[in-house]
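Please read the structure below before turning to the comments.
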Amino acid sequence: MLDGYGEGDQSIHLRFGIEYHKALEEYDFYRVDGADHEDAVRKTVADLHSRTWDWITDPDTKAGKYKNKASLMRSVIWYLDHYRTDIAKTVILDNGRPAVELSFKFELDWGPNGDQPYILCGHLDRVVDYDGTMFVMDRKTTQTTLSDYYYAQFDMSNQMSLYTFAGKVVLNSPIKGVCIDAAQLLIDETKFGRSFTYRTPDQTDEWLENLSIWFSMAENFAAANYWPMNDTACDKFGGCKFRTMCSKSPQVRDRFLQSSFKQLPENERWNPLKPR
């Protein structure tokens, strides 16, 4: 990724997730701008249809059976209908805009060699007021049954710890944790569920302390110019697109990389500092 290699074609998992989040974000903006529920839904669906009219997925693949234009449209419409009278209300920022797809970027109090501070950056799906308590809301799509076992994974999630900490910093307000808004994608229907994962101030402090240790290890890797594989993560989020290359012998890996991937233009390369 740092060298700019990519497949060119966007993965079906990434495209589906981006469109799902974009549609729900637009709905919130339409409502803040004064549209009622029905008008906001119609505008959201029209925009979604316009963006995906030429998106083609292979129905013979496992991913294509669950993630396609029809299931995307269904999931968005059903979600908005399911939460039409939701108790969770989108927080409105000081500038009058809804706190959705909120990009954050801020410096920590420490950095490598005490010089340049580290920067934490990312994007919050939504910040909500849930019956008087503020939560970051993270929207997930999955094929996994929405059971206690599914939600338990987020209690020890680096991502959710970051979101809780970032929400407190960006909004300068107490954030109790993250509200997980999950959509289970089935072939003919979409089911919805919601759960919460909490972080106390002591847990956040511990997470930051752990982060400093992980970053110091990364500094050693950088100094040695060698980055060991983390092969326990290769199957996460639909599977890393480079895992077929990494599974090859080191002697042929570069040749396989250059024949199977292409170097993307500078403006298409992954840049975590780029706001959405």
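The values are calculated or read from the model by the stated rules, or taken from the named source; none is laboratory data. Predicted model only: the values in this text are computed from it and were never measured. For neighbour counting, all protein chains shown are included, and Cβ atoms are generated from backbone atoms with ideal geometry for every residue, glycine included.
Could you tell me whether segment 54-68 includes any residue that is of a type in the set (A, V, I, L, M, F, W, C), surrounded by fewer than 16 Cβ atoms within 10 Å (Cβ to Cβ), modelled with pLDDT of 95 or more and not assigned by TED's automatic domain parsing to the domain that holds Gln143? No; the residues of segment 54-68 include none that is of a type in the set (A, V, I, L, M, F, W, C), surrounded by fewer than 16 Cβ atoms within 10 Å (Cβ to Cβ), modelled with pLDDT of 95 or more and not assigned by TED's automatic domain parsing to the domain that holds Gln143.
Being more than 26 Å from Ser216 (Cβ to Cβ) and either assigned by TED's automatic domain parsing to the domain that holds Thr190 or without any contact (Cβ under 8 Å) to a residue 40 or more places away in the chain (or both) is a condition met by no residue of segment 106-117.
Among the numbered conditions (1) at pLDDT 95 or above; (2) more than 21 Å from Gly17 (Cα to Cα), the only one that Asn95 does not meet is (1). Scanning segment 230-239 for residues being modelled with pLDDT under 85 and in contact with a helix residue (DSSP H, G or I) (Cβ under 9 Å, 6 or more places away or on another chain) gives a total of 3.
Test Ser50 against the criterion of being among the small types (Gly, Ala, Ser), touching a Gly at 6+ places or on another chain (Cβ under 7 Å) and either surrounded by 12 or more Cβ atoms within 10 Å (Cβ to Cβ) or over 20 Å from Arg97 (Cβ atoms) (or both), and give yes or no. So Ser50 fails the test. Could you please find all residues in segment 141-157 being in contact with a helix residue (DSSP H, G or I) (Cβ under 8 Å, 6 or more places away or on another chain) and either assigned to a helix (DSSP H, G or I) or of a type in the set (Lys, Arg) (or both)? Of everything in segment 141-157, just one residue is in contact with a helix residue (DSSP H, G or I) (Cβ under 8 Å, 6 or more places away or on another chain) and either assigned to a helix (DSSP H, G or I) or of a type in the set (Lys, Arg) (or both), namely Phe154. Residues of segment 162-174 that are of a type in the set (Val, Ile, Thr) and modelled with pLDDT under 95: Val169, Val170. Scanning segment 32-48 for residues that are in a helix (DSSP H, G or I) and modelled with pLDDT under 95 yields one hit, Val32.
Yes/no matrix, rows are residues, columns are (1) free of Cβ contacts under 8 Å to residues at least 60 places away in the same chain; (2) charged (D, E, K, R); (3) crowded, with 18+ Cβ neighbours inside 10 Å; (4) over 30 Å from Ala70 (Cα atoms):
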| site | (1), (2), (3), (4) |
| --- | --- |
| Ser147 | yes, no, no, no |
| Pro174 | yes, no, no, yes |
| Ile187 | no, no, no, no |
| Ser195 | yes, no, no, no |
| Thr200 | yes, no, no, yes |
| Asn210 | yes, no, no, yes |
| Asn225 | yes, no, no, yes |
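Return a yes/no flag: does segment 246-253 have any residue that is assigned by TED's automatic domain parsing to the domain that holds Asp60, aliphatic (A, V, I, L, M), over 30 Å from Met73 (Cβ atoms) and assigned to a helix (DSSP H, G or I). Looking through segment 246-253, at least one residue is assigned by TED's automatic domain parsing to the domain that holds Asp60, aliphatic (A, V, I, L, M), over 30 Å from Met73 (Cβ atoms) and assigned to a helix (DSSP H, G or I).
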